[in-house]
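Laboratory data are not the source of any read-out in this text; all were calculated from the coordinates shown. Fair warning: this is a prediction, and the values are worked out from it, not measured in the lab. All Cβ positions, even for glycine, are placed from backbone atoms using ideal geometry, and neighbour counts span all protein chains on display.
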């Protein structure tokens, strides 16, 4: 068994309403520290996690979205957004806090198939 | 085959912990190994020894403890998620241990399959 | 790949999202509240039937029976118990829980 595996984190939940997005990001950072092949997929409401311009002062919660920008420093550079999900939310690539690769559903499904470990929170 | 399991929801509120337990039991009965169960998010509440369900209900916490004792299953509670929710050494049920998220990543690396139960 | 879904398709888009995105040839296992998708006459039935050409659909029988719908299984869905669930996880090279 290889010690270097393909890990994909599938994010389908919006931020702040629940803690899943934040705690998922914490796992991503640790996984990168283990030298694994890490990719992040954003589907459905998970796409909202990447929206730039978050102002969280009014809800007295830490804005964790700048962390997506820091992922690059951990060599996590594979961020994939599902095209259909993005469009269904009236968003485009310019709305995101970080550069992403936009993939159609079929390509996303194929990419999932190629993973060793798929984690979803 | 070596299995890792992730539990992301607390006991009683959500079926995730029940499903994970029944999956683990079936895996062991089928001759597989359940190497580690990792408790994350509200799943850390599965490790509270202060839990007292009514007499006629299943005891989810004790059930995990028993599984760990009988089949050497490593029950790991995420420290960051646990501290956020008030799960500490002093209220940790038998058979569980508190450790870092690295233990979850290690499950992904070492196990043949990692199965997640959550909301 | 084994795709595990646990939400009713009548309150959540999770199953639809899974069926739309997953690559052909996979297995789909309906557990917990997703078992409602596998019952005859539910509003999602035709969508699930349409997906059967591309994937194999299974339902976790203990969850279906617990919800009083053990006798309402729609055509084309395979029944599994927990041992069958373990078997599906082992026979597929990877798995994903659609949470």
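Per-residue Cβ counts within 10 Å, from other chains only, averaged over C:6-12: what number is that?
Neighbouring Cβ atoms belonging to other protein chains average 1 per residue here.
Calculate the spin-label point distance for residue A:77 paired with residue B:70, positioning each point 7 Å from the Cα along the beta-carbon direction, and give it in nanometres.
5.1
Can you pull the mean other chain C-beta count within 10 Å for peptide C:13-22? The partial results should precede the final answer.
Details: counts 4, 3, 0, 1, 7, 3, 1, 8, 17, 7.
Mean inter-chain Cβ contacts per residue within 10 Å come to 5.
Compute the helix-to-body angle for A:20-33: its Cα long axis versus the longest principal axis of chain A, expressed 0 to 90° and rounded to tens.
With both axes taken from Cα atoms, the answer is about 40 degrees.
Rounded to the nearest 500 deg cm²/dmol, what is the calculated helix-only ellipticity per residue at 222 nm for the protein assembly as shown, with -39500 (n - 2.57) per DSSP H run of length n ≥ 4?
One gets -9000 deg cm²/dmol as the mean residue ellipticity at 222 nm.
What fraction, in whole percent, of alpha-carbon pairs in the stretch B:2-117 exceed 23 Å separation?
Roughly 19 percent, rounded to a whole number.
So for chain C, averaging the separation of alpha carbon pairs under 8 Å that are six or more residues apart and normalising by length, what relative contact order in percent results?
Reported as a whole number, the value is 36 percent.
Just to confirm my numbers, what's the Cα centroid distance between the stretch A:4-73 and the stretch A:105-121 in Å?
Measuring centre to centre over Cα atoms gives 17 Å.
Quick check on packing: order B:33-43, A:62-72, B:8-18 by the mean number of other C-beta atoms within 10 Å, highest mean leading. If you can, show how the numbers build up before the last one.
Details: B:33-43: 24.1, A:62-72: 15.2, B:8-18: 21.4.
Ranked from most to least packed, the peptides come out as B:33-43, B:8-18, A:62-72.
Pairwise over distinct Cα atoms, reciprocal of the mean inverse distance: report the Kirkwood radius of the protein assembly as shown in Å, one decimal place.
Every distinct Cα pair counted, the radius reaches 20.5 Å.
Round to a whole angstrom and tell me the spacing of the C-alpha centers of the stretch B:62-91 and the stretch C:15-36.
Taking the Cα centre of the stretch C:15-36 as reference, the centre of the stretch B:62-91 is 31 Å away.
Can you grab the distance from the C-alpha centre of the stretch B:1-56 to the C-alpha centre of the stretch C:70-99, Å, no decimals?
19
Binned at 5 Å from 0, what are the whole-percent values of the Cα-Cα distance distribution for chain A, short to long?
2, 11, 23, 24, 21, 12, 4, 2, 0, 0
If you take the alpha carbon radius of gyration of chain C and divide it by 2.2 N^0.38 Å, what ratio comes out, to two decimals?
0.95
Percent antiparallel among DSSP beta bridges with both residues in chain A, to the nearest 5?
5
Set the Förster distance to 35 Å, then compute FRET efficiency between residue C:46 and residue A:114 from the Cβ-Cβ distance, nearest 0.05. Don't jump to the answer; show the numbers that get you there.
On the way: r = 31 Å, r/R0 = 0.88.
So, using R0 = 35 Å, E works out to roughly 0.70.
Output the relative contact order of chain A, whole-number percent, from Cα pairs under 8 angstrom with separation of 6+ residues.
With pairs under 8 Å counted, the relative contact order is 35 percent.
Counting DSSP beta bridges with both partners in the protein assembly as shown, what percentage is antiparallel, nearest 5?
5
Roughly how crowded by other chains is peptide A:27-35, in terms of the mean Cβ count from those chains within 10 Å of each of its Cβ atoms? Each step should come with its number before you reach the end.
Numbers: counts 8, 2, 1, 8, 6, 1, 3, 6, 1.
Mean shielding count: 4.
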